[in-house]
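A short reminder: the numbers here are calculations on the coordinates, not readings from a lab. Keep in mind it's a predicted model, so treat the numbers as computed, not measured.
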Amino acid sequence: PQWRGNYGVRFWHSDWQAIIFEYTDKILATGFDGVYLDKVDEFEEMGHKDEMVEFVARIAARAKSQRADFMIVSQNGDALIPNARFRKAIDAFAREDLLYGENAEGARNSAASIRESVRRLKMLTAEGKPVFVVEYPRNEEQAKTARREISDNKFIGLIAKRALDQL
């Protein structure tokens, strides 16, 4: 409902997965270097956390069986990071709203939430995997703070506007 024309899907159903695998094959055939999987956190709304891990792992296995250097980047769903199968399936991870905006646009996330997310993200950096953090600050003060904290944690940051029609 927040994004007109976008809907949550039953990602654990084989028919849906067949569609995604077909797209994965087309992406590979076109010569792209990887995929950026958005809405990996859909399990937070729909359940089926283990099935999301399995789905991402199947996408990765399918792609890498055709091209070993194909990149799988997961966006959000960092509650999956402690799962070794999930970490093995992905090559990088992107986290939106690590510092601001979990509960309200421009509002600072709780210290506990930030601390827990950083702890999980560091599991990836410890394995040599890049972590991207995308923040959508309300003002220059928030942007400055976000840049500093992202850098302090050795993550790769992007400060952007949430509207996709603007840079």
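Across the chain, Cα-Cα pairs farther apart than 24 Å form 39% of the total. Calculated on the alpha-carbon coordinates, the convex hull of the range 1-48 measures out at 98 cubic angstrom per residue.
Taking every DSSP helix (H) stretch of at least 4 residues in the chain, weighting each as -39,500 (n - 2.57) and dividing the sum by the residue count yields a mean residue ellipticity at 222 nm of -14000 deg cm²/dmol. Taking 21 Å as the limit for the C-alpha separation, the pairs Lys64/Lys129; Lys88/Lys161; Lys26/Lys49; Lys129/Lys161; Lys26/Lys161 exceed it in the case of Lys88/Lys161; Lys26/Lys49; Lys129/Lys161; Lys26/Lys161. Each Cα pair under 8 Å and six or more residues apart adds its sequence gap; the mean of these over the residue count of the chain is a relative contact order of 16 percent.
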